[in-house]
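Everything on this sheet refers to the single structure shown next.
The numbers here are math on the coordinates, done by the rules we state, and not lab data. These numbers were taken from a predicted model, which means no experiment stands behind them. As a convention, Cβ positions derive from the backbone with ideal geometry for all residues, glycine included, and neighbour counts pool all protein chains shown.
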Amino acid sequence: MYIGSSENIKKRFSTHKSQLRNSKHHNKYLQNSWNKYGEEVFIFSTIEIIDNLGLLIEREQYWINFYDVCNKKFGYNIAPIAGSTSGYIHTETDKEKMRNGLKVSEKNKERLLRTKAKIIRNKFGQTRSEANKGSKNSSAKLTETDVLNIVSMLLKGYKHTEIIKNYNVDADIISHIKCGRRWGHLLDEETKEQLMKLKCKKLNESIVKEIKILLIQGIDIFIIAEKYDVSKGSIYDIKNNKKWKNIVIDKKI
């Protein structure tokens, strides 16, 4: 996760993407990850909109602290003190407030640790504040009703490809719902247990060989993910030899 702030979010997102696509981003750590894993695994999203621009840097600092994004285990930020792209010069009073803001109270430590754990679990996802959960998130493709219907279809044995066609979302979203990585706050414990019994589809050596051959043939990762009813992340891991290294195909992917 990378935290930043801007008075023009759309322009800021566009600048980041342009720099990353051209390998010219100032943050080398973020650039290296972009080059390694590909654009498809990165999500650009707004976690808070404020009316008072005078609070912009203060709120940026809050989210930097909250998600601990200067820790390379959890994020890509380099500077622990928030700054802006508008050339704003911080006074000594501002800097002192920000330094104090880096201190986490005992009351919030447990919450912060839970958040860190959640970020680790959601390898290709993102942790959102309570205010941005589910359909309240402006970037959400599914409504809460859609998600409940998808859960019902999963429990009835519908394939991912069938659900994808009905709701026009990619395979990763369905996998995340099925495995409890997204929208879990909508489900009661009984439903969660039923989904757990379904489990996420496991790959075996035979299927991985087929997947590697398809990758060699240049078949799109999204198509392969849908064909085998697995997430795109799983296909990326196979392609980049992060998993199933023991399965070797003659021609390099």
Requested in this report: Please go through the residue pairs Lys73/Lys245; Lys159/Lys192; Lys28/Lys165; Lys72/Lys192; Lys11/Lys165 and name each one whose alpha carbons sit more than 27 Å apart in this structure.
Outcome: Lys28/Lys165; Lys72/Lys192; Lys11/Lys165
Query raised in the report: In nm, to one decimal, how far is the modelled label at Lys209 from the one at Leu53, with both set 7 Å along Cα→Cβ?
Result: 6.2 nm
Report summary line: Between Val41 and Asn246, the two model label points (7 Å from Cα along the beta-carbon direction) sit apart by a distance in nm of 2.2 nm
